[in-house]
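Provided herewith is a single structure, encoded as structure tokens, for subsequent inquiry.
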Amino acid sequence: MTAPPPRAPRRRPRPLRVGVLAESELVAAGLVGMLTPYRHRVVVDLLPEDAVDRPDALAGVDLVLCDPFTPGPGHEARLLAWLARGAGVPVLVHTWQTHASAVERALDAGADGWVAKTAPAAELVVAVEAVHRGDAVPALAGPPAFPGLSGRESEVLVLLCRGLSNSEIAAALFVSVNSVKTYVRQVYAKTGVSRRTQAVAWAHRQGWTG
């Protein structure tokens, strides 16, 4: 009896190429660092600013991450108009803006899904893969609730841990810089620390992995 031919080795699927559009250098670098442990599933490409006007800039990209709600003159209108024209690739809105009206505007314009920037890397990868398959984004956990901190204080601590300045935190959360300073003081008081590095260490002791 003839032995069956040996099976061809199973090919591992290639990682998805995720294009990051119109993000600050800080956020883009943070995404690259966050997703590096998942490079067998996703790889990050930083897209040029004019990619919304150049379909060729998206060649080979499997999915685009963008935040239409980043502060900047005309930024929201331009990104939402691009979505409405049809991006040509799946688009996952990755944003600090969690108000229902903003989420609806992005989805109505043509985004394929939405995920908060407070979501940890593992959940972001799950969302990317779901949108690429054409599935709905799974219900993801919100910002971590650190023991003894309010939801807003927890959000501020996450952004502080990611290296954002008070001004950048204020822009991300759509609050004033003075409000951010108040939240930071409250975080320090409730966690028993006096510096950012100590607050970051405290967050890691509570299980935050960024």
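Just a yes or no: is a residue in region 184-199 touching a Leu at 6+ places or on another chain (Cβ under 9 Å), more than 24 Å from Gly72 (Cβ to Cβ), at pLDDT below 90 and of a type outside the set (A, V, I, L, M)?
In the first step, residues of region 184-199 are kept if they are touching a Leu at 6+ places or on another chain (Cβ under 9 Å); the result is 184, 186-187, 190-191, 196, 199.
If we keep only those that are more than 24 Å from Gly72 (Cβ to Cβ) as well, we get 184, 186-187, 190-191, 196, 199.
Next, from what is left, pick out any that are at pLDDT below 90: none.
Taking every residue of region 184-199 in turn, none turns out to be touching a Leu at 6+ places or on another chain (Cβ under 9 Å), more than 24 Å from Gly72 (Cβ to Cβ), at pLDDT below 90 and of a type outside the set (A, V, I, L, M).
Would you mind finding the one in Gly113, Gly151, Gly163 that is over 23 Å from Leu26 (Cβ atoms) and either in contact (Cβ under 8 Å) with a residue 12 or more places away in the chain or within 15 Å of the chain's Cα centre (by Cα) (or both)?
Working: Gly151 fails: either in contact (Cβ under 8 Å) with a residue 12 or more places away in the chain or within 15 Å of the chain's Cα centre (by Cα) (or both); Gly163 fails: over 23 Å from Leu26 (Cβ atoms).
Of Gly113, Gly151, Gly163, the one residue that is over 23 Å from Leu26 (Cβ atoms) and either in contact (Cβ under 8 Å) with a residue 12 or more places away in the chain or within 15 Å of the chain's Cα centre (by Cα) (or both) is Gly113.
Right, next: Hey, among Leu83, Leu124, Leu79, Leu107, which residue is part of a helix (DSSP H, G or I), closer than 19 Å to Leu26 by Cα and outside the structural domain of Gly192 (by TED's automatic domain parsing)?
Numbers: Leu83 fails: closer than 19 Å to Leu26 by Cα; Leu79 fails: closer than 19 Å to Leu26 by Cα; Leu107 fails: closer than 19 Å to Leu26 by Cα.
Residue meeting the stated conditions: Leu124.
Restricting attention to region 11-40, report how many residues are part of a helix (DSSP H, G or I) and closer than 15 Å to Glu129 by Cα.
Result for region 11-40: 2.
Any chance region 137-152 includes a residue that's modelled with pLDDT under 85 and charged (D, E, K, R)?
Within region 137-152, one or more residues are modelled with pLDDT under 85 and charged (D, E, K, R).
How about region 67-120: which of its residues are of a type in the set (A, V, I, L, M, F, W, C), surrounded by fewer than 16 Cβ atoms within 10 Å (Cβ to Cβ) and under 21 Å from Glu49 (Cα atoms)? Explain how you work it out, then say what you get.
Of region 67-120, the ones of a type in the set (A, V, I, L, M, F, W, C) are 69, 77, 79-84, 87, 89, 91-93, 96, 100, 102-103, 106-107, 109, 111, 114-116, 119.
Restricting the remaining residues to those that are surrounded by fewer than 16 Cβ atoms within 10 Å (Cβ to Cβ) gives 77, 81, 84, 100, 107.
Residues satisfying the conditions are Ala77, Ala81, Ala84.
Given the options Val52, Val43, Val64, name the one that is crowded, with 19+ Cβ neighbours inside 10 Å, touching a strand residue (DSSP E or B) at 6+ places or on another chain (Cβ under 8 Å), among the β-branched types (Val, Ile, Thr) and in a strand (DSSP E or B).
Val64
Which residues, counting only those in region 68-101, are at negative phi and at pLDDT below 85?
Passing the criteria: Thr70, Pro71, Pro73, Trp96, Gln97, Thr98, His99, Ala100, Ser101.
Among the residues of region 135-157, is any in a helix (DSSP H, G or I), outside the structural domain of Ala29 (by TED's automatic domain parsing) and among the aliphatic types (A, V, I, L, M)?
Among the residues of region 135-157, at least one is in a helix (DSSP H, G or I), outside the structural domain of Ala29 (by TED's automatic domain parsing) and among the aliphatic types (A, V, I, L, M), which makes the answer yes.
The values are calculated or read from the model by the stated rules, or taken from the named source; none is laboratory data. For clarity, every value in this text was computed on a predicted model and none was experimentally measured. Backbone-built Cβ (ideal geometry, glycine too); neighbour counts: all protein chains shown.
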